[in-house]
């Protein structure tokens, strides 16, 4: 299994956003789906319930030969905007 490296800026921002590091790792390793991002980046997406409301965690990363390098992560309530296709499927 490839290692996950969360860059310092992403660690700082995800901490301020209240996103636990284990959620980031869980989303990269076991996403609900993966979609294409800008500049060849990938976006792993997974749904979470926070205080009774459903959110989508989007983790933007670059896949390297030996690791996943996370550049940012954020929660959004706009699931319909970002989720592609069916209920839970991996897609690229």
Quick one: residue 81 ticks every box in (1) more than 11 Å from the chain's Cα centre (by Cα); (2) touching a residue at least 24 places away in the same chain (Cβ under 8 Å) except a single one, so which number is it? (2)
Boolean, residue 86 is exposed (fewer than 12 other Cβ atoms within 10 Å of the Cβ) and at pLDDT below 95: yes
Out of curiosity, is residue 68 within 24 Å of residue 85 (Cα to Cα) and either modelled with pLDDT of 95 or more or not in a loop (DSSP other than H, G, I, E, B) (or both)? no
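Could you go through segment 39-59 and let me know if any residue there is in a helix (DSSP H, G or I) and either surrounded by 15 or more Cβ atoms within 10 Å (Cβ to Cβ) or touching a strand residue (DSSP E or B) at 6+ places or on another chain (Cβ under 9 Å) (or both).
Scanning segment 39-59 turns up at least one residue that is in a helix (DSSP H, G or I) and either surrounded by 15 or more Cβ atoms within 10 Å (Cβ to Cβ) or touching a strand residue (DSSP E or B) at 6+ places or on another chain (Cβ under 9 Å) (or both).
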Mind checking which pairs have a first residue in segment 18-38 that is under 16 Å from residue 2 (Cα atoms) and a second that is at pLDDT 95 or above and assigned to a helix (DSSP H, G or I), Cβ under 7 Å, 6 or more apart or different chains? 24/14
Would you call residue 75 surrounded by 11 or more Cβ atoms within 10 Å (Cβ to Cβ), touching a residue at least 12 places away in the same chain (Cβ under 8 Å) and closer than 18 Å to residue 9 by Cα? yes
Name the single residue that is nearest to residue 69 (Cα to Cα) among those in segment 1-16 being loosely packed, with under 12 Cβ neighbours inside 10 Å and at pLDDT 95 or above. 3
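The values are calculated or read from the model by the stated rules, or taken from the named source; none is laboratory data. What you see is a predicted model, and the numbers here were worked out from it, not measured in a lab. Cβ sites come from the backbone with ideal geometry, for glycine too, and all protein chains shown count toward neighbours.
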